[in-house]
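Working notes, structure below.
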Amino acid sequence: MLMKSEREAVLAYSKRLLSSGLVKGSGGNISLGNPDKSMIAITPSGIVYDVMTIEDIVILDLDGNLIEGKRKPTSEMAFHLALQNLRPDIHAVVHTHSDYATAMACLGWALPPVHYLIGYAGNEVPIAPYATYGTQELSDNICSVIGQGNAVLMANHGVVCVGSTLDKAFTAAEMVEYVSHLYLLTKSVGDPVILDKHQMADVLEKFDSYGQNIKPSKSIQ
């Protein structure tokens, strides 16, 4: 079996998507690349996560050609491939339809730094213009706004997060959902105070030494 460890990671984080409430049913998708092999492991189309097995995970090359697997890959494989080809630090992509981030996307709002934990995604989370799911247009729209950040809201759709590891991409997705919730709560009662670029720069610098001496992805800087 090719890329067994990557398949195992994709499967494990797919089940975490469901248990964490970031998706419902078979919504969302995940990929993890191996740059040395120029291949990615990616979730299949339309299979609910609680019954998904390692054999269901599909292996593609970076041009989207099927290398191994009997399932059809996710209909969103275009932006997974585009993002993994866009920047050398992107090896993992997590796409969700989490409630509050998707509400932001349906309002057509980018997510400003109302709370410092947005730093896991970047200084802010931009919004990509609407395009039909699974299209090259959607992929192009995402890539045009992501810059050096780790997350993009997709208008009337959801959120996509990236990272050098699945853990970083998944954490970014969790934090985008949390900060989106806070932003909508504060907007419901007043005008939230937004952190400025200097305050966010201080946060991102402190992130470099946070935890067990494991630095977060440079893409959030």
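The values are calculated or read from the model by the stated rules, or taken from the named source; none is laboratory data. The structure displayed is predicted, hence computed values, not measured ones. Heads up, the Cβs are rebuilt from the backbone with ideal geometry, glycines too, and the neighbour counts pull from every protein chain shown. Surface accessibility is based on the protein's heavy atoms, side chains included, excluding ligands, DNA and RNA. Shrake-Rupley method; radii C 1.70, N 1.55, O 1.52, S 1.80 Å.
Odds and ends about this structure:
- FRET efficiency for GLN136 and GLU68, using Cβ-Cβ distance with R0 set to 30 Å, rounded to 0.05: 0.75
- Cβ-defined net charge surrounding SER180, 14 Å radius [Lys, Arg +1; Asp, Glu -1]: -3
- Of the whole protein surface, THR53 contributes about 60 Å² of accessible area at a 1.4 Å probe radius.
- Counting only protein heavy atoms and a probe of 1.4 Å, the accessible surface of the stretch 1-107 is 54% carbon and sulfur.
- Per-residue surface analysis assigns LYS4 an accessible area of about 110 Å², computed on protein heavy atoms at 1.4 Å probe radius.
- Surface per residue (accessible, 1.4 Å probe) for the stretch 1-55, Å²: 44
- Alpha-carbon centroid distance for the pair the stretch 103-124 / the stretch 166-205, whole angstrom: 5
- Amide N proximity, the stretch 163-179 versus GLN148 label position 7 Å along Cα-to-Cβ, cut-off under 16 Å: 163-164
- Paramagnetic label zone (point 7 Å from Cα along Cα-to-C-beta, SER19; backbone N under 18 Å) in the stretch 28-65: 29-30, 48-54
- Rounded, prolate or oblate (a/c below 1.5 giving rounded, otherwise prolate when a/b exceeds b/c) for the stretch 79-221 by Cα gyration tensor: oblate
- Backbone HN-Hα couplings from phi across the stretch 47-59 [Karplus 6.51/-1.76/1.60, Hz, Gly and Pro as x]: 10, 5, 5, 6, 10, 5, 10, 4, 5, 7, 5, 9, 10
- Long pairs among LYS24/LYS197; LYS168/LYS206; LYS37/LYS72, criterion Cα-Cα beyond 26 Å: LYS24/LYS197
- Projected label points at LYS206 and VAL48, each 7 Å from Cα along the beta carbon direction, are separated by 4.3 nanometres.
- The order of ASP50, ASP89 by accessible area, most exposed first and with a 1.4 Å probe, is ASP50, ASP89.
- Between the beta carbons of SER38 and GLN199, assuming R0 = 45 Å, the FRET efficiency works out to 0.65 to the nearest 0.05.
- 3J(HN,Hα) along the stretch 63-78, derived from phi through the Karplus expression 6.51 cos²θ - 1.76 cosθ + 1.60 where θ = phi - 60°, amounts to 9, x, 7, 5, 9, 7, x, 9, 8, 7, x, 3, 5, 9, 4, 4 Hz, with x in place of Gly and Pro.
- Using the Cβ-Cβ distance between SER75 and CYS106 with R0 set to 22 Å, the FRET efficiency from 1/(1 + (r/R0)^6) comes to roughly 0.65.
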